[in-house]
1. From the list B:Leu44, B:Leu57, which one is surrounded by 22 or more Cβ atoms within 10 Å (Cβ to Cβ) and either assigned by TED's automatic domain parsing to the domain that holds B:Ile214 or under 25 Å from the mean Cα position of the chain (by Cα) (or both)?
2. Out of everything in region A:116-154 that is touching a Leu at 6+ places or on another chain (Cβ under 8 Å) and hydroxyl-bearing (Ser, Thr, Tyr), what residue ends up being nearest to A:Leu86 (Cα to Cα)?
3. Hey, among A:Phe267, A:Phe221, A:Phe213, which residue is of a type in the set (Phe, Trp, Tyr), surrounded by 14 or more Cβ atoms within 10 Å (Cβ to Cβ) and modelled with pLDDT of 80 or more?
4. If you take just the strands (runs of 3 or more DSSP E) that sit entirely in region B:225-316, which of them hold at least 1 residues that are touching a residue at least 12 places away in the same chain (Cβ under 8 Å) and exposed (fewer than 13 other Cβ atoms within 10 Å of the Cβ)?
5. Yes or no: A:Glu192 within 13 Å of another protein chain (Cβ to nearest Cβ), crowded, with 21+ Cβ neighbours inside 10 Å and over 19 Å from A:Ile97 (Cα atoms)?
6. Tell me which helices (runs of 4 or more DSSP H) are completely within region B:329-400 and hold 2 or more residues being more than 12 Å from chain A (Cβ to nearest Cβ), or say none if there are none.
7. Whether any residue in region B:250-270 is over 16 Å from B:Val498 (Cα atoms), modelled with pLDDT under 85 and more than 28 Å from the chain's Cα centre (by Cα) is what I want to check.
Amino acid sequence: MSKATQNTWKLLRTAPPTAWFGLIMVSIYIVVALLAPIFAPYGETEVVDVAGLSIGDNPSFLLGTDHIGRDVLSRIIYGARNTVGLAFITTVLTFAIGAVMGLLAAVLGGWFDQILSRIVDVLMSIPPLIFALLILTIIGTSVINMILVIAILDSTRVFRLARAVGMNIVVMDYVEVARLRGEGLWWIIRHEVLPNISAPLAAEFGLRFCFVFLFVASLSFLGLGLQPPTADWGSMVREMATLITFGLPTPLFPAAAVALLTVSVNFVVDWFLHKTSGLKS
Amino acid sequence: MTMNDDDIILRMKGLRIEGRSEEKWHEIVHGVDLTLRRGEVLGLIGESGAGKSTIGLAAMGYARDGCRISGGEIWFDRVDLAKASTAEKRRLRGSRIAYVAQSAAAAFNPAHRLIDQYCEAPVLHGVLNRREAETAAKDLYGRLHLPDPETIGFRYPHQVSGGQLQRMMTAMAMSCRPDLIIFDEPTTALDVTTQIEVMAAIKDIVEQFNTAAIYVTHDLAVVAQMADRIMVMRYGNLVEEGETRSMIESPKQEYTSRLLSVRELSKAEAKRPEGETPILSVKRVDAAYGKAQVLYDVSFDVPKKRTVAVVGESGSGKSTTARVITGLLPPLSGHVEYNGEPLPADFKSRPKDHLRRMQMIYQMPDTALNPKHKIRDVIGRPLSFYLGLQGRKKEERIRELLSLIELEPDDYIDRMATELSGGQKQRICIARALAAEPEVILCDEVTSALDQLVGEGILKLLIKLQDELDLSYMFITHDLATVKAIADEVVVMQKGRVVEAGPKTEMFTPPHHSYTDLLLSSVPEMDPDWLDRLLAERGEQLRDRGI
């Protein structure tokens, strides 16, 4: 155990400043999301500024208030919880589906691979946003539905990646050794293939996470994601969009929250990719 | 001697090269001196990691990715390549210094015709125009004994054989009539019979144009044919340098004599026990990959506690036979018997106990071991899977097996597979096979990816284990020295058929099948005159047949 911590520390010490920045920012986001009620000065849906819009000049509202007088900072903090938490759950589900199917296709090959791959091709040929809109309109908008739809649509990309990198491992002699030993399918996937593709999968996880998160934001922006008055960054931008025509920067704050997290996660992912791919500087 | 000594084409002084690993620079060549005269062929020999290829490339002022020339001088025709500008080096490369890589297949661009690739350098350097270059190419193809020199250049790289491609590469290096060519293991990836053609062609052309050459190889017998002078390298240092003949006859260093005697390992042949059922018996097997049939009516036996070597060139069906035996490739017709009983064709329908009794060791230990597993898990898995060993018992057995393969258990048990050298990895593969307590082990070219001295160690280990554990081996190899070292019986395969089979001593004494004869006579010997003699003999035979 202590050796593992030692190794982690060694890894962190050699991390470039961008990765450090990313790690710190992501940690801050996580802490803020978990402890939202403690950090937020006001409630998520509480209307606090009935009189009018405050931007900066009123010290009690750091980032001002939105179009119906709710504190923007508080909503961004609560939004972290909804948006990031949702994106995280969706990404985990995406990976569970995509990686398992991709690895099965790689190891089993043959018709199983053919059928799965063609289904994935069909799913990928339809623009995801339109497809998601379509399905959500049919089955109705709820958080569960949204998670499922995004997870299934996004898992096609994970499937492709897992299958492609898995294929390279499946042809290795050590997999043949395991097959000839009489090992079962799950053992081969878990012990021989998965450890060798965990690095690209983990890197992809970081990227997918960002995409899912933008996807949720854009669905919410279009009105099919999280429903008001729940705070999430995408719908906050949408609701406050008109304020920008009055020269108010308020809608930019939730947008900046999205951008900052995306950049931070990508810094970490880049560093991780660099580490695992063995690229020389 | 001064720098403007006209006779000297290349002179290295105190050459130091560093390589980068784990964020640090480590010196890999420690101050090597080298002189090369016009028209002289210098052999650079050593095991992998000796720095011989690195020095070869440094002769062009080039260092691989992650390497740098950190000290010393490389004088080529009054230019110090260690300090020369990129433009200056580029002017020399291709026109005055050329390079022939180990794998011609990987060095040619598959999307361009061969002659286009030939013409590139002379046209670029302004030596010849395109038409002149094409004429010159055809002339050179003829001199290198390539078939159809007029048209062969208009093919794509995948349309000619490996040996032809390697000669094409030599022609390309010759295109500007350079003063110096660096040959980097040009025949290592080829079969023995093809190797001869390429060696003869290179030797011939280098003599015709009086080109100086550096010939990098790990095979002393090959370099003995090619080089006027030999430098033996080890760990980036010069071990010994001398004229080829005197070095072969009386090496001064112990390491050189070990390299010289590497092919002399030989096991006394054990006779097949009378009337006993062979442990493995391949019966009239035909097999195909898709529609392409690769095995035709293959039959042979592996007797108990004996070693059968299956010999042949690449593409002869040796490895396919092993795949049929293990059940990875069910045959079209015929079957495999184990101890007199027919085995199910597909390994999936074989009982676990059958799978246990037959183990396999692979050519490339790098790909045969999962890089993410610890040695403990690699060897431990068959123990728990087949024999149900757990905890203390399993641990003890792993340690026992590690001692058996002559690796110190405490040092190795917790290492990752990636932290071992090639020879150590192959030993771990052997231990993994032994863990299943097998009766038969199929060895597929187990030494050909290893250095000769390391490979010899593996062979000795396998022989020792056979004595101790009463194992039977089926040993696939293309190397007849390996056959001498380990086999009791030999099966010679060509184009998917068994052309000759019998006890080893019988196989090594004439008369042979003509193909066996070709294989046997093509193995390079530690005699500088061997190639010339062989070519003269073969020339006579051809003339005899022609008349």
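The values are calculated or read from the model by the stated rules, or taken from the named source; none is laboratory data. Everything numeric here is computed off the predicted structure, so don't read it as measured data. FYI the Cβ positions are ideal-geometry reconstructions off the backbone, even for glycines, and counts take in every protein chain you see.
1. B:Leu44
2. A:Thr141
3. On the way: A:Phe221 fails: modelled with pLDDT of 80 or more; A:Phe213 fails: modelled with pLDDT of 80 or more.
Result: A:Phe267 is the single residue among A:Phe267, A:Phe221, A:Phe213 that is of a type in the set (Phe, Trp, Tyr), surrounded by 14 or more Cβ atoms within 10 Å (Cβ to Cβ) and modelled with pLDDT of 80 or more.
4. Working: elements: B:229-234, B:237-243, B:280-289, B:292-302, B:307-311.
Hits in region B:225-316: B:280-289.
5. When the stated conditions are applied, A:Glu192 passes them.
6. By residue number, B:375-387.
7. yes
To keep it simple, each residue is scored yes or no on (1) farther than 19 Å from B:Ala171 by Cβ; (2) among the acidic types (Asp, Glu).
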| residue | (1), (2) |
| --- | --- |
| B:Leu57 | yes, no |
| B:Arg96 | no, no |
| B:Asn109 | no, no |
| B:His112 | no, no |
| B:Asp116 | no, yes |
| B:Ala121 | no, no |
